[in-house]
Amino acid sequence: MRPIPLRLLIHSAELSRVILGDYNVTENSDTVVLEHVRVEPCYSAVSAKDNRQLNAAYKLFYDCLNSSPQDVTFDIDMCVTFDGEVFHIEDVRKFYDERKLHHIEVMLCR
């Protein structure tokens with residue numbers, strides 16, 4: 001399977017882990033800039049791990065060959081900043097070709 005073409009990976013975003021600091025103030029740490037990703041509006045409902053129904057606002061596509069950085073890991077407790085808005089990662093889905101990981105789809109909620 002071919003990688004997602006660079007001409008479709010037109011967006012960039014920031015990925016950060018949210019840490020609860022002093023006085024219950026949330027802080028972002030380990031901010032990573034994601035380049036050559038695609039972010040599209042998403043109108044589907046997502047089931048969270050605790051069986052809550054969430055409406056995903058966006059879906060982020062991360063291609064394992066063309067997106068950067070290469071060593072990024074997406075977790076449920078992380079945030080993505082895109083177009084000036086902060087979104088929480090609610091679901092991470094990995095898609096494989098015949099041999100290896102092809103791309104990752106990340107569901108983003110407000």
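The values are calculated or read from the model by the stated rules, or taken from the named source; none is laboratory data. As the structure is a prediction and not an experimental result, all values here were calculated from the model. We place every Cβ from the backbone using ideal geometry, glycine too, and count neighbours over all the protein chains shown.
Worth pointing out:
- Where strands (runs of 3 or more DSSP E) sit wholly within the chain, those with at least 2 residues that are at pLDDT 90 or above occupy 11-20, 26-41, 58-63, 78-82, 85-96, 101-109.
- Residue match in region 56-63 (condition: farther than 20 Å from Val18 by Cα and surrounded by fewer than 15 Cβ atoms within 10 Å (Cβ to Cβ)): no
- Whether a residue is more than 15 Å from the chain's Cα centre (by Cα) and of a type in the set (Phe, Trp, Tyr) was assessed, and Tyr62 does not pass this test.
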